[in-house]
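One structure is given here, and the rest of the page talks about it.
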Amino acid sequence: MNRQFVCIICPNSCQLKVEYTGKKIMEIKGAQCDKGKEFVKNEITNPLRVFLGSVKVIRGDFRLLSVKSATPIPKKYLKIIGKMTHALKVDAPVEIGQVIAKNLLNENIDLIATRKIFRKDCIYRNKG
Amino acid sequence: MIEKEVIIIGGGAAGLAAAITCYERGIENLLIIERNAYLGGILNQCIHDGFGLEKFHTSLSGPEYAQRYINQVQEKEIPYLLNSMVLEMNAQKELMVANRQGLHRYRAKTIILAMGCRERTRGAIAIPGTRPAGIYTAGVAQELINLRNYMVGERIVILGSGDIGMIMARRLTLEGAEVVLVAEKLPYASGLPRNINQCLYDFDIPLLLNHTVIDVKGNGRLSEVTLAAIGKRGGIVPKSKRRIPCDTLLLSVGLIPENELSRQAGVIINSVTGGPEVDERGQTNIPGLFACGNVLQVHDIVDNVSLEAEYITEGVIGYLQGKKTNKVQEIRIILGNGLRYVVPQKITTIKDTIFSFRVNAPGKKKTLVFKEGSTLIHKSFFPRVNPAEMLRITLPAEELKNIKSLTVRLV
């Protein structure tokens with residue numbers, strides 16, 4: 001089977017021509033780096049994406065904390081994780097990289113903070 | 001009047017990188033002026049990842065990318081004003097700034113314009129119909145959802161296939177909304193191919209090329225839009241009209257560099273880029289007034305904004321030191337077939353120069369050819385080109401030496 005993939009790893013957006021049967025890859029053409037080959041392997045067996053979303057912050061200088069999954073997660077879980085973030089709350093302050101939720105869905109999915117949040121009443125704040 | 005060596009207008013990706021580089025090159029009497037309540041600009045609301053692949057060799061979200069620069073600004077104690085708006089700027093490089101403390105006058109030896117860009121609105125593309133709530137530009141919806149915790153709607157149509165629109169399609173889907181479709185007037189998407197894949201196709205959101213919204217209806221709140229196909233001659237195909245119930249329309253129909261201040265000071269604005277016309281150092285027609293980032297030309301990748309900001313500081317330092325340059329007679333770069341624009345638009349000194357281009361249409365196996373008359377100066381091959389992707393080429397000083405004219409085209 002022949003299929004074309006667009007690699008999403010970087011803005012080069014390499015167009016990959018892939019020949020495969022079932023889960024066995026015969027040939028990958030068009031990848032500018034090895035990451036593209038790795039990407040195709042995952043796309044055919046178990047497509048992975050980084051989850052990106054936000055959770056509520058209590059007493060923070062921003063109302064929302066942006067979060068991402070610590071590692072790429074199976075694509076099929078993206079929507080359900082999105083729903084789960086609605087119920088999450090976190091107290092300010094928050095540091096980038098801080099773990100916000102652990103082992104979601106029992107699938108080892110951790111969410112980590114991608115924004116630095118200060119307390120609303122702290123004199124050191126993002127906001128002036 | 002407060003005197004500064006360098007004033008940077010805008011504390012986003014471009015302004016922060018320019019400030020840090022100026023500081024590292026020995027300029028300490030500088031100031032960043034930011035209109036918003038925080039540094040980092042638009043990066044704060046871009047909570048998706050993919051930033052920093054070129055600069056930091058890792059995929060960061062917008063806030064993470066911004067924080068790396070904000071940390072440096074704070075460590076170096078580079079002064080900045082927040083909640084401060086530059087109201088006036090003139091060719092003598094004097095500024096009037098308003099904030100809660102009142103009005104302040106500044107004079108700078110050099111100014112770096114880093115004001116970024118803003119979105120085109122419904123008014124700019126003249127969609128007829130009523131004026132209901134529920135019509136947002138994609139970036140405004142992004143700010144509401146990612147920073148203010150306000151959901152914009154439940155059933156959403158997106159017009160325009162710009163990157164922000166596609167990223168919002170994914171974001172809204174993950175927040176539980178239904179994105180019905182993305183319509184694009186042109187025969188090709190205006191955003192990056194990877195975003196079509198990971199933001200639309202991953203969630204089975206259709207991308208309709210050659211389609212546009214020709215009417216909106218709704219009393220109070222938007223209730224439906226009318227979609228139509230665009231024929232070969234650019235007009236709508238009457239039979240293709242169909243009504244799509246929705247409560248929200250997002251517009252991702254282009255960005256405009258924000259140059260009101262530049263115009264006020266007498267900076268010449270290029271009609272294609274919407275940004276100032278600059279020379280190889282990023283200097284505008286007003287000596288000592290430089291521009292970088294999205295105020296100069298709209299970029300698709302923030303890494304290139306940071307790199308451009310770093311690049312132009314060389315000219316800023318040169319200007320401050322009154323350094324003699326290998327001045328040549330001004331050469332205006334002549335744009336040939338296949339290219340929409342080139343930045344810089346002119347060369348006044350010979351140095352290693354970064355040229356940025358956008359092509360007119362998607363294509364494969366194209367070569368960018370620089371010529372002086374019929375003499376070949378430089379050529380670069382691209383396996384594929386896309387209007388969504390800016391091309392950047394560095395020409396070394398030796399290749400530009402002794403040229404009298406420069407033409408560039410895509411073949």
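The values are calculated or read from the model by the stated rules, or taken from the named source; none is laboratory data. Just so it is clear, the structure is predicted and the values come from calculations on it, not from any experiment. FYI the Cβ positions are ideal-geometry reconstructions off the backbone, even for glycines, and counts take in every protein chain you see.
Quick one: in the range B:168-188, of everything that is more than 13 Å from chain A (Cβ to nearest Cβ) and of a type in the set (D, E, K, R), which residue is surrounded by the fewest Cβ atoms within 10 Å (Cβ to Cβ)? Among those residues, the one meeting the criterion is B:LYS185.
Tallying residues that are part of a strand (DSSP E or B) and either farther than 21 Å from B:GLU178 by Cα or in contact (Cβ under 8 Å) with a residue 40 or more places away in the chain (or both) within the range B:227-251 yields 10. Would you mind stating whether A:ASP110 is within 18 Å of the chain's Cα centre (by Cα) and within 22 Å of B:GLU64 (Cα to Cα)? Spelling it out, A:ASP110 is indeed within 18 Å of the chain's Cα centre (by Cα) and within 22 Å of B:GLU64 (Cα to Cα). Scoring B:ASP49 on the criteria (1) out of contact with any strand residue (DSSP E or B) (no Cβ under 8 Å at 6 or more places or on another chain); (2) among the charged types (D, E, K, R); (3) facing chain A (nearest Cβ under 9 Å) leaves a single failure, condition (1).
Here the strands (runs of 3 or more DSSP E) wholly within the range B:282-381 that include at least 2 residues being of a type in the set (Val, Ile, Thr) and over 28 Å from B:TYR188 (Cβ atoms) are B:327-335, B:346-349.
Would the range B:17-26 turn up any residue that is within 22 Å of the chain's Cα centre (by Cα), over 16 Å from B:HIS104 (Cβ atoms) and at pLDDT below 95? Write out each step before concluding.
Let us first name the residues in the range B:17-26 that are within 22 Å of the chain's Cα centre (by Cα), namely B:17-22.
Keeping just the survivors that are over 16 Å from B:HIS104 (Cβ atoms) gives B:17-22.
From what's left, at pLDDT below 95: none.
There is no residue in the range B:17-26 that is within 22 Å of the chain's Cα centre (by Cα), over 16 Å from B:HIS104 (Cβ atoms) and at pLDDT below 95.
Looking across the range B:287-322, the residues that are touching a Pro at 6+ places or on another chain (Cβ under 9 Å) and either outside the structural domain of B:GLY41 (by TED's automatic domain parsing) or surrounded by fewer than 24 Cβ atoms within 10 Å (Cβ to Cβ) (or both) come down to B:VAL298, B:ASP300, B:ILE301, B:ASP303, B:TYR319.
Would you check which residues across the range B:189-225 are assigned to a loop (DSSP other than H, G, I, E, B) and either surrounded by 22 or more Cβ atoms within 10 Å (Cβ to Cβ) or within 14 Å of chain A (Cβ to nearest Cβ) (or both) and list them?
B:ALA189, B:SER190, B:GLY191, B:LEU192, B:ASP204, B:ILE205, B:LEU222
Scanning the range B:52-86 for residues that are more than 8 Å from chain A (Cβ to nearest Cβ), small (Gly, Ala, Ser) and assigned to a loop (DSSP other than H, G, I, E, B) turns up B:GLY52, B:SER84.
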